[in-house]
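Everything below concerns the one structure shown next.
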Amino acid sequence: EVNDVLAASDVLRKLDYVDSSRIFICGHSSGGTLALLAGMATPAFKGIASFGGSLDQAALVDGWEKQKLVPFDQSNPKEFELRSPLAYATSLKSPTRLYVGSQDFFHLAASRKLAEVAQAKKLDVETLTVSGNHYTSVPEAITKSIVFFKSLK
């Protein structure tokens with residue numbers, strides 16, 4: 001999944017009208033998870049923002065009734081770890097903001113933990129709470145992420 005995101009960013013960098021030094025990445029839910037994983041794979045992004053990204057895939061899938069929705073071998077714990085940004089919190093290579101809805105309790109704890117681990121390694125990573133649940137928090141998160149991206153020189 002991450003390779004597709006990285007390939008797309010490589011295409012963008014090669015476009016004449018794109019400033020390759022100012023490419024940012026963000027996403028909501030699984031898109032936020034992918035944004036973080038991509039930002040752990042390369043320093044090419046100027047900034048990263050996740051809106052309610054799922055940071056611990058094993059915890060997310062635990063209890064799901066229809067686990068066949070998970071597109072990988074669930075008997076292999078490594079498959080969950082590879083898709084869990086929390087497992088690699090110190091690998092972020094760009095300034096990062098984790099926006100989580102005040103009522104999105106599942107994602108809030110993991111986001112705070114990821115930021116805590118990253119900050120202990122002096123990385124520019126913060127968790128910011130925005131109003132709403134997993135879905136209704138997205139508009140405010142987008143607005144705040146734009147302000148964050150603009151602040152990066």
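Values computed for the structure shown
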| quantity | calculated |
| --- | --- |
| PHE149 open to solvent by less than 60 Å² (accessible area, probe 1.4 Å), in contact with a strand residue (DSSP E or B) (Cβ under 7 Å, 6 or more places away or on another chain) and either among the polar types (S, T, N, Q) or closer than 21 Å to ALA38 by Cα (or both) | yes |
| Residue among PHE72, PHE106 that is open to solvent by 60 Å² or more (accessible area, probe 1.4 Å) and among the hydrophobic types (A, V, I, L, M, F, W, C) | PHE106 |
| Hits in segment 75-103 - residues which are touching a Gly at 6+ places or on another chain (Cβ under 8 Å), surrounded by 19 or more Cβ atoms within 10 Å (Cβ to Cβ) and small (Gly, Ala, Ser) | SER94, GLY101 |
| Subset of segment 19-37 [open to solvent by 40 Å² or more (accessible area, probe 1.4 Å) and out of contact with any strand residue (DSSP E or B) (no Cβ under 7 Å at 6 or more places or on another chain)] | ASP19, SER20, SER21, ARG22, SER30 |
| Cross-chain or 6+ apart pairs with Cβ under 7 Å, segment 5-30 first and free of Cβ contacts under 8 Å to residues at least 12 places away in the same chain, then in a loop (DSSP other than H, G, I, E, B) | LEU12/VAL18; LEU12/ILE23 |
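The values are calculated or read from the model by the stated rules, or taken from the named source; none is laboratory data. This structure is a prediction, so every number in the text was calculated from the model and none was measured. We place every Cβ from the backbone using ideal geometry, glycine too, and count neighbours over all the protein chains shown. Areas reflect the complete protein model, heavy atoms only, side chains present, ligands, DNA and RNA absent. Shrake-Rupley method; radii C 1.70, N 1.55, O 1.52, S 1.80 Å.
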